[in-house]
Amino acid sequence: MASRDHGPDGRGAPGPDTQHRTAEHSTAPEAVRRRPEDPPVRNPGQYSLTDHVRERLAQGGRYVTLDGIDAAIREGQLRWNTTDGWRFAGVEDGVRFVVVVCDTETASPVVVTAWTEIDDIGAAEASERWDRTDIETIRLRSTLSERSDEHVPEHIRPRDVPRPFYVRGHHLVTDPGDGHLRCVDCHGRFRSKGELDRARCSR
Ligand SMILES: [Zn+2]
């Protein structure tokens, strides 16, 4: 039985054997000690970004920025989740930037994905940083993600998003009172993220 004396508090299993093997073969002394459940480093410059994250930085209506990612890594709350691993969450002007990271036990950790969600609607509305459409977009995006397989017309109807935001290849808007999202490119109508997944945008 391998020694576990370098575990933080004995919680949970140390992980698959492959992780030990990787650590032992690493040349970085830091990496030899680190394990997946050890808190990740708070140096944003050490993290690389997946292509997925880079794409998100350029997509309208996501509000994911490099500054937001860096700030969350530097000073955001840190949570360990047994399925997703580590995530940082930093709040700015009522909006939470969530940053999921992996390979944190190695010398080259990675930002896997990042998104925004409303933390405090009052603070977001009071801030000059977010206009009404920004806030509506963030709320709508959260609803779609949380209930990706459900039709959610009752959650779409109150939302007013005149400026297109990007989901699965479509550029979406919605008017107050409409129980669907409308793609300005293909003119498709959607009531769930599942529908967006299945319909290719044919602009
Ligand atoms: Zn479309």
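Just a few scattered comments:
- Hey, ARG168 open to solvent by 50 Å² or more (accessible area, probe 1.4 Å), within 14 Å of the ligand (Cβ to nearest atom) and either without any contact (Cβ under 8 Å) to a residue 24 or more places away in the chain or farther than 17 Å from ARG62 by Cα (or both) or not: no
- Residues of region 171-186 that are open to solvent by less than 70 Å² (accessible area, probe 1.4 Å) and either more than 24 Å from GLU55 (Cα to Cα) or touching a Pro at 6+ places or on another chain (Cβ under 8 Å) (or both): HIS171, LEU172, VAL173, ASP175, GLY177, ASP178, GLY179, HIS180, VAL184.
- Taking the numbered list (1) more than 18 Å from GLN59 (Cβ to Cβ); (2) free of Cβ contacts under 8 Å to residues at least 24 places away in the same chain; (3) surrounded by 19 or more Cβ atoms within 10 Å (Cβ to Cβ) in turn, ARG189 passes all entries but (3).
- When each of ARG62, ARG54 is tested for being open to solvent by 40 Å² or more (accessible area, probe 1.4 Å) and under 28 Å from ASP134 (Cβ atoms), the lone residue that passes is ARG54.
- Residue count for region 151-165, restricted to those that are over 21 Å from TRP130 (Cα atoms) and either within 16 Å of the ligand (Cβ to nearest atom) or within 23 Å of the chain's Cα centre (by Cα) (or both): 2
- Filter result for GLU136 (within 18 Å of the chain's Cα centre (by Cα) and open to solvent by less than 20 Å² (accessible area, probe 1.4 Å)): yes
- Count of region 106-126 residues which are farther than 21 Å from PHE165 by Cα and either open to solvent by less than 50 Å² (accessible area, probe 1.4 Å) or not hydroxyl-bearing (Ser, Thr, Tyr) (or both): 10
- Every condition in (1) open to solvent by less than 60 Å² (accessible area, probe 1.4 Å); (2) more than 9 Å from the ligand (Cβ to nearest atom); (3) under 17 Å from ARG132 (Cα atoms) is met by SER148 except one, and the failing one is (3).
- Taking the numbered list (1) buried (at least 18 other Cβ atoms within 10 Å of the Cβ); (2) modelled with pLDDT of 95 or more in turn, GLU37 passes all entries but (2).
The values are calculated or read from the model by the stated rules, or taken from the named source; none is laboratory data. The structure presented is a predicted model; accordingly, all values stated were derived computationally and were not measured. Don't worry about glycine lacking a Cβ; one is built from the backbone with ideal geometry, like all the others, and counts go over all protein chains shown. With ligands, DNA and RNA removed, areas are computed over all heavy atoms of the protein, side chains included. Shrake-Rupley method; radii C 1.70, N 1.55, O 1.52, S 1.80 Å.
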